[in-house]
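Data first, discussion second: the structure below is written as structure tokens.
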Amino acid sequence: MIVGIDLCDEYTRIDCVPEEKPRLYPTVICRRREEDAWFIGEDAYAHNLTEDCVLVDQLVSQMLKNGTATLGGTRYEGRELLKRFVREAVQQFLKENGETKTEGIVFSVRKSGPKLITVLGECAQELGVEKEHVRVISHSEGFVYYIMSQKKEIWCGTVGMFDLSEERLRYYEMKLQRGARESTVVCEYENLEEGSISLDILNTPAGAKLADKILCSCGERMMQKKLYSSVFLTGKGFENRDWAEGFMKMLCVKRRVYMETDVFAKGAAYLAQDLLRDKTAYPYTILCDGRLQSTVTMNVLRKGQETSVILAAAGDSWYGREAVLDVIPDHQDTVDFIVAADAKKKRTVSVSLDGFPKREDRTVKVRIRITFPDERTMRVNVKDQGFGELFPSTGVSVMQEVMI
């Protein structure tokens, strides 16, 4: 069994390959005060009502803010509570499906970051999953893998998706751009601000009417006169669509419209399955939230011939991406990189070597190390390596962050 998890503050969905019945948990945890008994999801709500338990919610945000909570007289860090919740949810899911372990786990989250990726990676390894079979991806990437796992006619053109959850209304759009050598999948999203839709207002006729009007406005603005191969609806707000009569009428004119509650969890599961293959089933460059948007290269002279070295490529995951290159500057006091979003959008980024030792030409060697704090930022570290026994390293280095 291979598991995909859609992890948010308000809910957690778990799906798997081969497909079984998905599981939905409210993202909450509690502990009975007088014994080491833990409960999650609906069980946590039930025990919180009937017993002397302390309930903790917003587990993702708590961890990101380095929050703590005291349960049963013991203080717990947010990261420990989130890991305990995830472990318990996965173990329950496996047990319900007659399994004891999973070979791969991919987490799909609204916004990934180093802290969240680290904590969830630790959690997966505690569940016995090998590091190379674990990923943390954005909702955008989960959407991409879900769509690419469907029939080709569904995503041969533009694919749109509205996600209405308790937290926000978000619109996703995915396009396939065919190239001579390699095709590129581009996915973007926008948090829609036309109005704040609380799911509670859908329970009243006036509130439902207002929400329907807001959605119609969003749909008309985002979709305009575009041609779509398919449109998807996801999120708790769309589980019952009786309130969205006007929106559905607008949406379903000459378009294929699908409802799927588990887009992000299923997309994560499809990727988890792909990580176990010898050859990927998705031979595309994917540009989305969580992936680098530009290619970074450096022109060098190697064995008398000019060549371009790729230090990072558009579509690479930014987290953990590192490139190290030793070079000998020749008649120059900068190290230059070419950042290209595409063939037409190129720019040169220079890092000054002021302060580095002044030596004869071709007797200065520097080590260039490139990392990425996030998908939009490149961090460059250049350090003097000396030059053999003649010129020991001075230890001089410079660091610069560049928006890409």
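Numerical summary
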read-out	value
Residues of segment 76-118 that turn out to be part of a loop (DSSP other than H, G, I, E, B) and surrounded by 13 or more Cβ atoms within 10 Å (Cβ to Cβ), as a count	7
Options GLU239, GLU173; residue that is in contact with a Phe, Trp or Tyr (Cβ under 9 Å, 6 or more places away or on another chain) and either modelled with pLDDT of 90 or more or surrounded by fewer than 16 Cβ atoms within 10 Å (Cβ to Cβ) (or both)	GLU173
Identity of the residue in segment 211-236, open to solvent by less than 20 Å² (accessible area, probe 1.4 Å) and touching a residue at least 60 places away in the same chain (Cβ under 8 Å), that ends up nearest to GLY157 (Cα to Cα)	SER229
Search result, residues across segment 311-345 that are charged (D, E, K, R), at pLDDT 90 or above and more than 25 Å from ILE137 (Cβ to Cβ)	ASP326, ASP336
Within segment 176-203, considering residues that are among the polar types (S, T, N, Q) and in contact with a helix residue (DSSP H, G or I) (Cβ under 9 Å, 6 or more places away or on another chain), the one most open to solvent (accessible area, probe 1.4 Å)	SER196
PHE264 being open to solvent by less than 50 Å² (accessible area, probe 1.4 Å), closer than 30 Å to ILE117 by Cα, touching a residue at least 12 places away in the same chain (Cβ under 8 Å) and over 17 Å from the mean Cα position of the chain (by Cα)	no
Test: residue in segment 156-170 that is open to solvent by less than 80 Å² (accessible area, probe 1.4 Å), in contact with an Asp or Glu (Cβ under 7 Å, 6 or more places away or on another chain) and free of Cβ contacts under 8 Å to residues at least 40 places away in the same chain	yes
Index of the failed condition, ALA269 passing every other in (1) modelled with pLDDT under 95; (2) touching a Cys at 6+ places or on another chain (Cβ under 8 Å)	(1)
Enumeration of residues in segment 242-261 that are farther than 30 Å from ILE14 by Cβ and open to solvent by 40 Å² or more (accessible area, probe 1.4 Å)	GLU245, LYS249, MET250, CYS252, VAL253, LYS254, ARG255
Strands (runs of 3 or more DSSP E) wholly inside segment 288-395 that include at least 3 residues being open to solvent by 80 Å² or more (accessible area, probe 1.4 Å)	295-302, 305-312, 346-352
Residue in segment 127-153 that is least open to solvent (accessible area, probe 1.4 Å), counting only those that are among the basic types (Lys, Arg) and either free of Cβ contacts under 8 Å to residues at least 60 places away in the same chain or outside any strand (DSSP E or B) (or both)	LYS152
Within segment 25-53, considering residues that are in contact (Cβ under 8 Å) with a residue 24 or more places away in the chain, crowded, with 16+ Cβ neighbours inside 10 Å and out of contact with any Asp or Glu (no Cβ under 8 Å at 6 or more places or on another chain), the one nearest to LEU7 (Cα to Cα)	GLY41
Residue that is nearest to SER112 (Cα to Cα) [pool: residues in segment 63-75 that are outside any loop (DSSP other than H, G, I, E, B), open to solvent by 20 Å² or more (accessible area, probe 1.4 Å) and out of contact with any Leu (no Cβ under 7 Å at 6 or more places or on another chain)]	THR68
Members of segment 14-24 that are surrounded by fewer than 20 Cβ atoms within 10 Å (Cβ to Cβ) and either charged (D, E, K, R) or touching a Gly at 6+ places or on another chain (Cβ under 6 Å) (or both)	GLU19, GLU20, LYS21
Qualifying residues in segment 171-197 (those that are touching a residue at least 12 places away in the same chain (Cβ under 8 Å) and among the hydroxyl-bearing types (Ser, Thr, Tyr)) - the one nearest to VAL263 (Cα to Cα)	TYR172
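The values are calculated or read from the model by the stated rules, or taken from the named source; none is laboratory data. Everything numeric here is computed off the predicted structure, so don't read it as measured data. Neighbour counts are summed over all protein chains in view; Cβ atoms, including those assigned to glycine, are modelled from backbone coordinates with ideal geometry. In case anyone asks, the SASA skips ligands and DNA or RNA and just uses the protein heavy atoms, side chains included. Shrake-Rupley method; radii C 1.70, N 1.55, O 1.52, S 1.80 Å.
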